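Taking it in order: structure first as structure tokens, then the write-up.
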Amino acid sequence: MASIPCFIANWKMNKTVTETASYLSDFIGKYAELSDHPPQVIIAPSFTSLSIMANTLKEQGSKIALAAQNLHFEPSGAFTGEISAEMLCAAGCDYVIIGHSERRNLFGETDEMVHRKLLSARKAGLIPIICIGESLKDRHTEKTWPRLQGQLSAVLTDDIIKSGLAENISDWLIAYEPVWAIGTGETPEPDEVADVHRQIQGFIENTAGKGSPRILYGGSVSEKNIETFMKPPEIGGVLVGGASLSAETFFKMIALATNGT
Ligand code: 13P
């Protein structure tokens, strides 16, 4: 597993363009001063803030990368309100979040749709951040691994592997986000997360056989628990929702997790 940790801010449906500019004016400078070998930081703002963020990061020569929170699987057409992979690339995105549980549970995204989104993202050259996670019911009925395995095998299919679209799989990011931990303040123990990450890694290595993506944890990560989550080597970073909305808090989390280096 890669040793440089990765920190992703998923802003969800928060922040106007003005608020985005104000966040960046604080955050970019702080991040640049972190160290010569800074951790990987990716920010996923809403669609309306992608352009200003892409331009600001470029102007300031920042190493912070840009992700979109979603995409549509078709390249173009009569899909009112949707955004294609090509549009995201043109807006300056390197990454795209695919299969977040809020998309699955609130907007009816199926495993099949997640798979088509991955296909479309890879064809356009976007690097996927694939989210998987079990529900509380899955956890209580000891179905965590079957759920995660089902989500992974629906996404990482032969057509993607055989067509060479997974050649760069070691650059991909998999976010393990237990649904019951998102926005609740509840979290699994870091050791439990490490066990799940080992299973995910083994499954992907067996299925794709092209190396291993970095596996991140997400769900109620905060200033209070970031250090413990970053201890197991199996946890390659974190995907942060609520706590990433304050530039100060998100930066503090990164500094804590990397011991201020
Ligand atoms: P919270 O950090 O707010 O629990 O959200 C996690 C998440 O869904 C990130 O994608």
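Per the Kirkwood formula applied to alpha carbons, segment 107-250 shows a radius of gyration over Rh ratio, Rg over Rh, of 0.96. Mean projected area of the Cα convex hull of the chain, taken over all directions, amounts to 13.0 nm². With R₀ set to 25 Å, the beta-carbon distance separating LYS252 from ASN55 gives a calculated FRET efficiency near 0.45. Under the simplified labelling scheme, the HIS140-SER222 pair shows an inter-label distance of 2.4 nm, with each label point 7 Å from Cα along Cα→Cβ.
Looking at this model, which pairs from LYS15/LYS231; LYS12/LYS58; LYS137/LYS162 are more than 25 angstrom apart at the alpha-carbon?
LYS15/LYS231; LYS137/LYS162
Panel values: segment 1-73, Kirkwood radius from alpha carbon pairs, Stokes-Einstein at 10 °C and 1.306 mPa s, translational diffusion coefficient 123 µm²/s.
Here is the list for segment 75-156: chymotrypsin sites (Phe, Trp or Tyr not before Pro) lying in DSSP coil, each with at most 15 other C-beta atoms within 10 angstrom of its C-beta, are PHE79, PHE107. The label point for LEU106 and the one for HIS37, both projected 7 Å from the Cα toward the Cβ, are 3.9 nm apart. Computed over segment 83-160, the alpha-carbon pair-distance distribution with 10 angstrom bins reads 19, 46, 27, 7, 1, each value a whole percent. Relative contact order for segment 133-261: 24 percent, from Cα pairs under 8 Å spaced at least 6 residues apart, divided by residue count.
Considering only DSSP states other than H, G, I, E and B, which GluC sites (Glu not before Pro) in segment 121-193 qualify as loop sites with at most 16 other Cβ atoms within 10 Å? Taking segment 121-193 and a limit of 16 other Cβ atoms within 10 Å, the loop GluC sites (Glu not before Pro) found are GLU142, GLU167, GLU186. Taking every Cα-Cα distance in segment 1-146 and sorting them into 5 Å bins from zero, the calculated P(r) comes out as 2, 9, 17, 20, 18, 15, 10, 6, 3, 0, 0 percent. Tally Lys and Arg at +1 and Asp and Glu at -1 over the other residues with C-beta under 10 Å from the C-beta of ALA194: what net charge comes out? Net of charged neighbours comes to -3. Taken along the Cα-to-beta-carbon direction at a fixed 7 Å, the label points for GLU82 and ILE4 span 3.5 nm. Helical content of the chain, expressed as a calculated mean residue ellipticity at 222 nm, amounts to -12000 deg cm²/dmol (DSSP H runs of 4 or more residues, -39,500 (n - 2.57) each, divided by residue number, nearest 500).
Read the figures in this text as sums done on the coordinates, not as results from a lab. The model shown is predicted, which means the values in this text are computed figures rather than measured ones. A quick note on method: Cβ atoms are made from the backbone with ideal geometry, for glycine too, and the neighbour counts reach across all protein chains shown.
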